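Student: Structure provided below as structure tokens; questions to follow.
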Amino acid sequence: DKFFPFIDEYGQFKHRDWPDKIHSDADFEAQKKKEAEFNAKLAKIPHRSKWGGYANDALKAEGTGRFRLDKIGGKWTFRDPDGYPFWSLGIDCVNANGASGSTIVTGRENYFEKIDPAYVGKGRGFKPGTDYYNREIKIYALGRRNIELKYGPGGVENYWKVAAERFKKWGLNTYGAWSARSVMMSETVPFTACLSSAGAAPLKTKRKLYALWGNIPDYFAPAFETETAKRVKKSAKLLASRYCIGA
């Protein structure tokens, strides 16, 4: 009775306090100001190309307008579109909604101190081996709610502006797998596209081989090739971007 609910209205653990914990909507504005002041104190990182490569003319090669592989001193490395050496340093899941976008509410209603009905929707359980698999469930877009409280109604769609500024200031140069399409297509920071073979037949075996997010596909079945090709076609615009390092 004392423990539940244990998640406050902002998705934080209710029964403990810590520096910078959000206690009210007004705290979001204070956090934005604090971050802006912190970033303003950071010096510009020297010897960086437009793409986040190592702008050293002594190591520069022909620029092809795309990322490519090359050898320097007998060792493989990336080169950015201008021909400078590129060391990829990034983070995956760069998006405004968190890794999965929403959290499950069904059967967990008592966890939450307050649920905003405007951000509750329907979904299907997608994780094999759980009670929620393939069931209709209620999901709560708590990440979106926080982002819109912090950055306004267009906060999710315009999150690329926040991400690009942070990466530039913090010395990061790659949006990794599962980053938001709007973030990648903003053409502000190089990225790696994440493709899928979803829909391919699962591997037939007596053993339970499903991974966290679904059954392991049969890599040798014809459907694996055709389903992967479909996903590649859908991502054609993404893959054609000069900011795309690879897939």
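Student: Keeping to region 98-115, report how many residues are within 15 Å of G176 (Cα to Cα) and open to solvent by less than 70 Å² (accessible area, probe 1.4 Å).
Tutor: So the answer is 1.
Student: Right, something else. Can you tell me which residues in region 31-87 are open to solvent by less than 60 Å² (accessible area, probe 1.4 Å), in a strand (DSSP E or B) and under 19 Å from K169 (Cα atoms)?
Tutor: F86, the sole residue that qualifies.
Student: If you don't mind, there's one more thing I want to ask. Can you pull out the residues in region 116-143 that are open to solvent by 40 Å² or more (accessible area, probe 1.4 Å), within 10 Å of V105 (Cα to Cα) and touching a Gly at 6+ places or on another chain (Cβ under 6 Å)?
Tutor: I139
Student: Say whether the condition of being modelled with pLDDT of 90 or more, out of contact with any helix residue (DSSP H, G or I) (no Cβ under 8 Å at 6 or more places or on another chain) and open to solvent by 60 Å² or more (accessible area, probe 1.4 Å) is met by at least one residue in region 145-164.
Tutor: Yes; the residues of region 145-164 include at least one that is modelled with pLDDT of 90 or more, out of contact with any helix residue (DSSP H, G or I) (no Cβ under 8 Å at 6 or more places or on another chain) and open to solvent by 60 Å² or more (accessible area, probe 1.4 Å).
The values are calculated or read from the model by the stated rules, or taken from the named source; none is laboratory data. Note that this is a predicted model, so its numbers are computed, not measured. Here the Cβ is made from the backbone with ideal geometry for all residues, glycine too, and neighbour counts use every protein chain on show. Just the protein is used for accessible areas: all its heavy atoms, side chains included, with ligands, DNA and RNA removed. Shrake-Rupley method; radii C 1.70, N 1.55, O 1.52, S 1.80 Å.
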